[in-house]
Amino acid sequence: MNGASAGNNAGSGGVPPTIMENGGESEGNDSTDNRKGQPDEEEEEDDGAVTLAWPSEKPWYRKILYLCLLPIMIPLVLTVPDPKRGKPGTKSANSRFAFWGYHLFAMSFIMSIVWIAIWSYLMVWWVERIGWLCCIPSVIMGLTFLAAGTSVPDLITSYLVAKKGFGDMALSSSIGSNLFDICVGLPIPWLIYVGLNSFGDDATLHSSTYWAIDVKSDGMFCYILMLFSMLIFIFILIMSMKWRLNKIMGVVMLVLYFLFLVFACLIGFKVIKCDLGTH
C-alpha cells in the first residue's frame, strides 16, 4: 500500500493531491486572467467624443434636437479639437481622426474662448434687433433674454457640481460669476471704448468730462436697490435654512426672480416711475 501511494505521489511529481487541486485552480485562474489581460477591441472604453452621426436609435425628440443643433455643431466640430477623441485606451485611439483631439487640448481651450466671443456678440446683436422690431426696451431685453442666455453655462455648472454633492461650490460659483461680470465684464469694455474715443479729431470723450460714459437707463437706481435687497434677503434665507440648500429655498428663489422680472418690466415700460439717481 505504501509503495502504491508512493508511486502515485511520484507519478504526480511528488505533490500532494490538495496542492495539485489548488494548483489546477490557480492555473485555470491564471489562464483566465491572461485572457482578461489580452487586449480586446470590443471591450475598449467608449471615449464619448462628439460625433455628427445621425441618432437613428434615439427617440424622436432627440432627432429634432439634433437638427436644431446641427448648424452650431458643424463649425465647432471642424474648428475645435475634442480632447476626448484619440485618448489612449479608447475606441478612437487608432482612428484616422485621433490627431484632432487628445493632444490638442490647448487649442481646444483657445478655440472655445474664440467661439464663446463670437456667439456672445451674435446673441447680443440678435437680442437687440428683436427688441427693436418688437418695440421692447433694450433694458428689458437685457434683464430677460440676454441675462438668461449668458447664465445658461452657470446653470449647467451649478447643476453638475450640486449633483455631485458640492453645494458650496455651486453657490460660490454663482456669486463669483456675477461679481466677475460686474467688476471685470463691465470695466474692460468701458476702458476699451474710452481708449478708442478719446484721441484724434473725432474724439467723442474729453478730459473736461473725465472721459465719462453716460448710462441712459431709466430706473437704474431701483434696479441696483432691488439687487442689494435680494442679496440681503437671500443671505438671511440661507442663514434661516442653517446653511443648507433645499427645495424650499429653491422655490423661494424662483419666486423672487419672477417678482424681480415683473417689477423690472413695469419700470422698463414706464408703468412705474423710478428716476431717482438718473438724469
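The values are calculated or read from the model by the stated rules, or taken from the named source; none is laboratory data. Quick caveat, the model's predicted, so the values are computed rather than measured. So basically every Cβ, Gly included, is an ideal-geometry build from the backbone, and we count neighbours across all protein chains shown. Remember, those area values only see protein heavy atoms, side chains included, never the ligands or the DNA or RNA. Shrake-Rupley method; radii C 1.70, N 1.55, O 1.52, S 1.80 Å.
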Worksheet item: When only residues in the range 221-257 that are surrounded by 13 or more Cβ atoms within 10 Å (Cβ to Cβ) and in a loop (DSSP other than H, G, I, E, B) count, which is modelled with the highest pLDDT?
Response: 241
Item to complete: Only residues in the range 51-70 that are open to solvent by less than 90 Å² (accessible area, probe 1.4 Å) count as the first member; pair them with residues that are in a loop (DSSP other than H, G, I, E, B), Cβ under 6 angstrom, at least 6 apart or cross-chain, and list the lot.
Response: 63/55; 66/55
Practice prompt. Could you tell me whether residue 149 is at pLDDT below 85, part of a helix (DSSP H, G or I) and open to solvent by less than 40 Å² (accessible area, probe 1.4 Å)?
Written response: yes
Worksheet item: Is it true that residue 189 is under 30 Å from residue 79 (Cα atoms), modelled with pLDDT under 80 and either acidic (Asp, Glu) or part of a helix (DSSP H, G or I) (or both)?
Response: no
Discussion item. Can you report the number of residues in the range 192-207 which are part of a helix (DSSP H, G or I) and open to solvent by 70 Å² or more (accessible area, probe 1.4 Å)?
Written reply: 4
Discussion item. Checking residue 260 against (1) assigned to a helix (DSSP H, G or I); (2) more than 19 Å from residue 139 (Cβ to Cβ): exactly one of these is not met. Which one?
Written reply: (2)
